[in-house]
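One structure is given here, and the rest of the page talks about it.
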Amino acid sequence: MTRHIRHAALFCALLLVALLVNASRVQVLHAGDYEVNPANRRDTISRYQQPRGNILVAGRPVTGSRDTGEHLRYERTYTDGPLYAPVTGFASQEYGTTLLEHAEDGLLSGAAPLLAPLPRWNEFTRSRNAGGNVVTTIDPAAQRAAYEGLGSRKGAVAAIEPSTGRILALVSAPSYDPALLSGNGTVARSAWARLNADPDRPMLNRAVQRTYPPGSTFKVVTAAAALDAGVVKNLDRRTDSPDPYTLPGTTTRLTNGSEGCENATVREAFVWSCNTVFAKLGVDTGVARMKEMAQSFGFNDAGLRIPFPVARSTFDTTVDRAQLALSSIGQYNTRATPLQMAAVAAAVAGGGQVREPYLVERTTRAGGGTVSTAGSRPARRAMHPTTATRMRELMRGVVEDGTGRKAAIPGALVGGKTGTAQHGLGNSGTPYAWFISWAQREEDMEARVAVAVVVEDAAADRGEISGGGTAAPIARAVMEAVLKP
Amino acid sequence: MSKAGITLATTDPPTPTVPLPGRRGVELALIVLAVLLSVYGYCAVGLARNGTVPPGAAGYGAGLGVLALVAHLAVRRRAPHADPLPLPIGVLLNGLGLVLIYRLDLEAPGAPAAPTQLVWSALGMTLFTAVVLVLRDHRVLQRYTYLCVTTALVLLTVPILFPAVNGARIWIRVAGFSIQPGEFAKVLLAVFFAAYLAANRSALTYAGRRVWGLQLPTGRVLGPIVAVWLVSVGVLVLERDLGTSLLFFGLFVVLLYVATGRTGWIAVGLLLASLGAVAVGRLEPHVHHRIETWLHPFASIEAGEGPNQLAQSLFAFAEGGILGTGLGLGHSVLIGFAVKSDFILATAGEELGLAGLSAIFLLYGLLVERGYRAGLALRDPFGRLLAVGLASLMALQVFVIAGGVTGLIPLTGMAMPFLAQGGSSVVTNWTIVALLVRLSDCARRQGDGGDGR
């Protein structure tokens, strides 16, 4: 019997070995697979176990965290949620993150390896760093001016500091309160359903995620290309431009909203926004040089991150001459985000230098130590400095005695360009009213702010004036807010 | 081979000539260590969760300590030559179980299970003391062979009359207490198997035909194994308790093999078990579902229904890694239902890691090894079979449930001995440890040439 007891004991020992080997398999060999399984909630739980880092505007947090005492403990809160929603996005326990909350999620949630005191320290101690803070470039006064300027109208505003590329305001209307989406309960679920069903799409960040036909504001690009290429040498010489202008190779006749465009000088044509003159100017400049100028302003760049991605603004480069004529006045396939058009105004204001726009000044640890800074970004020359000087003259003319008079600010140099973009089937939609501008205090050496405003449902008056009438006052309010000492 | 059962005396260890030391001091020291480890675990949970030592730490330690001390004094008085390891291992596993249950109670403060478990543990350790004090010689149990089997069968069948709980008819509810009579039946059946086989082993040894090199038993003696098999299948079908059924049958086959030395019994056992498994797996949707889950633990995730309990259990073990998250810092509560009972090991795996889990497995291994050692040292066939039976019962039970929650074998509901929430199980396991202590004491006294014979 002894021998068989030993056999039975051996059998039990084999069972023990099987358990130990299997435990090693589950806990060590396959542990990595199991940990990253999307159904494994542990990462989510530890993510919400601590307050999330904050997003700061002018040194003041516009976000916060609320201890719910629930399974997923901390929930995001927002001060002035709708005002800053196009900057912060939302951070939801149920629906993920967007915009800055998404782009800087690793830092805000404390998961970023950069926050660890030593490499692999967190893996070893199974700890998570306190969430870091994100300091934005937003100017609260400009942001509020833009938000209140748009009011109940649909549209967007983007403002940039031309000398650096810092984004001073980023507003989209209608907006929403991201705090509604923070939790994981019925409030979040019903808000999510409601916001997604809303035809006005309040969660769409119109300033960076949506492109519009830029209309006449694109004439800034066309004029700059023509000047740089030497197609136009004297702003005050009469051009050879018929009115109406028959698009090359077609019988389509392009007309103007205003009188006196036939053979107008470039200065007159810019101030009074003559489509015929600029359509012909674009065709005369040629698609290659038009494309080069548009791209040096940032068109056709799908890779821009501010740090969240910006929709690609387009200038179609495979066009015939008729299409080029329309493209040159901001129609056909030419499309731009409000941020892109603000960058166009900024390039003119900044002497022809284009600086990539950015939204995050620096990121810090919870204790205040800097993790990263925006640093100085390389500038790119979009046009010759003399071209820029002449473009500034043209844009100032629009504000001083053209379509953009409502943007004038006493004691400041202001340049602008209005636009009214046709869209929809057969141009049947309510036109988009555009205004892009820049402003410089008289005593300053350089422009302080460049703005682009687009209003989707401007008054039904389809004249060129709607850009100047609806959008220009909003731009002025934003510029005043920045210039205010 | 056929002589193995008869020539046992020659293979016994040589009879020592000097009186053996009692080793009670070792036992006491180990008990103190076990109690201190449990209190330490209790404090670690409190510190991790609330940053303070839990208010009940002293009382908890004192309670466990006093009960263990009383048990130790009983051993010192009535089983002075007993093996010093089983009692401290029981105290440590029971203490750890209380820590884990207390820790899981903190996740849902509404229904604390630790106080009840402490009461049951006290009851279990009292029963241990009583068994050690009252049962002077294990051979007394041989007289009650048929009482044992009758009681066991009654205990097994009673729950059929009660409503099913979570798909299994294994509970009876009396005055607010849930009792699992099947747990008590385990010990009684082990006693019955040992006594029956000790009495009939020579008859069962008669060899029948040889098939493919295996000595098959004769048809006449197949009766008992078929009967046990039928009871197991009956338990499975009527109570839907795959684990208990597997346990009984496995225990019987192991004991049959040890008693007769016939590998043919193992072949017959495996054949019957496979037949039963295939038939039940086909016919019972409940069992079939368990097997499907075992083969594809993440199928429910891919189907968009979220992780099932086994998947959650695997996640918990994986999170533990080698060193664990630390007591009180894991999220094994995500397993949900039965996290304190069947899945208690997942909490140990997550919070103590592979290191802690291996330590727990080795503690069980040590307990089983001590049982086998007593079996080897004993001289009477009943004692030998009882020791082997109780040790194998423990080993099989640990394997079935630990293998189930770690995805090694299909999951069957069963309590992890000492660790899991469940009063009946704790009381039963303390009885097993008491019997092992008694058997080891007898083994030493027999070896010592004392009053064993």
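The values are calculated or read from the model by the stated rules, or taken from the named source; none is laboratory data. Please read these numbers as outputs of a predicted model, since none were measured by experiment. Reconstructed Cβ throughout: ideal geometry from the backbone, glycine too, with neighbour counts over all protein chains shown. Side chains are part of the model used for accessible areas, which takes the heavy atoms of the whole protein and leaves out ligands, DNA and RNA. Shrake-Rupley method; radii C 1.70, N 1.55, O 1.52, S 1.80 Å.
Laid out as a table, the results:
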read-out	value
Distant-in-sequence amide H partners of A:Gly185 (H built 1.01 Å from N, under 5 Å)	none
The stretch B:401-431 and the stretch A:11-70: distance between their alpha carbon centers, rounded to Å	26
Accessible surface of the stretch B:8-447, 1.4 Å probe, proportion on carbon and sulfur as whole %	70
Surface per residue (accessible, 1.4 Å probe) for the stretch B:8-447, Å²	39
Shielding by other protein chains, B:255-264, mean Cβ within 10 Å	3
Eligible aspartates and glutamates near A:Lys417 by straight Cα distance, threshold 14 Å, same-chain separation 8 or greater	A:Glu268, A:Glu393, A:Glu400, A:Asp401, A:Glu464
Ordering of B:82-94, B:315-327 by burial proxy (mean other Cβ atoms within 10 Å per residue, highest first)	B:82-94, B:315-327
For residues of B:375-384, the mean tally of beta carbons on other chains within 10 Å	2
Efficiency of FRET from Cβ geometry, B:His296 and A:Ala18, R₀ 22 Å, rounded to 0.05	0.60
Over the stretch B:8-447, equivalent-ellipsoid semi-axes from the Cα gyration tensor in Å	34, 30, 19
Built amide H within the under 5 Å cut-off of B:Ala338, gap 5+	none
Accessible area per residue, Å², the stretch A:302-423 with all protein chains present, probe 1.4 Å	38
Most to least packed among B:410-419, A:180-189, A:390-399 [average Cβ atoms within 10 Å]	B:410-419, A:390-399, A:180-189
Value at 222 nm in deg cm²/dmol, rounded to 500, when DSSP H runs of n ≥ 4 in the protein assembly as shown each add -39,500 (n - 2.57)	-16000 deg cm²/dmol
Calculated SAXS-style log₁₀ I(q)/I(0) at q = 0.08, 0.09 Å⁻¹ - the protein assembly as shown, Debye, Cα scatterers	-0.79, -0.89
Sequence-separation-based contact order of chain B, relative, with Cα cut under 8 Å and 6+ spacing, percent	23
Descending Cα extents along the principal axes, the stretch B:67-140, whole Å	46, 20, 20
Estimated inter-spin distance, B:Arg77 and B:Ala122, nm [label 7 Å along Cα→Cβ]	2.0
Part-to-part distance (alpha-carbon centres) for the stretch A:342-388 and the stretch A:134-151, which is given in Å	18
Principal axis box of the stretch B:250-328, alpha-carbon based, largest edge first, Å	48, 36, 16
Interface burial for B against A (accessible surface, 1.4 Å probe, total of both chains, Å², rounded to 100)	3800
Whether the stretch A:13-81 is rounded, prolate or oblate, judged on the alpha carbon gyration tensor where a/c under 1.5 counts as rounded	prolate
Mean shadow area of chain A over all directions, Cα convex hull, nm²	30.4
Average beta carbon contacts from partner chains per residue of B:315-327, 10 Å cutoff	5
Cβ-isolated cysteines (cut-off 4.7 Å), chain A	A:Cys12
Chain lengthening between B:Leu230 and B:Phe162 when straightened (0.36 nm per residue, less Cα-Cα)	22.3 nm
Integer Hz, Karplus 6.51/-1.76/1.60 couplings in order for the stretch A:19-24, x for Gly and Pro	5, 5, 5, 5, 4, 5
Cβ crowding within 10 Å averaged over residues, with A:361-370, B:399-408 ranked highest first	B:399-408, A:361-370
Label-point separation, B:Ile322 to B:Val140 (7 Å along Cα→Cβ), nm	5.2
For the stretch A:122-136, 3J(HN,Hα) per residue [Karplus equation, 6.51 cos²θ - 1.76 cosθ + 1.60, θ = phi - 60°, Hz, x = Gly/Pro]	5, 4, 6, 8, 6, 10, 10, 6, 4, x, x, 10, 10, 9, 8
FRET efficiency, 1/(1 + (r/R0)^6) with R0 30 Å, evaluated for B:His289 and B:Arg173 via beta carbons	0.70
Over 21 Å (Cα to Cα) - which of A:Lys219/A:Lys484; A:Lys154/A:Lys484; A:Lys219/A:Lys291; A:Lys280/A:Lys406; A:Lys219/A:Lys406 fall in this group	A:Lys219/A:Lys484; A:Lys154/A:Lys484; A:Lys280/A:Lys406
The stretch A:331-485 - percent of accessible surface contributed by carbon and sulfur, probe 1.4 Å	49
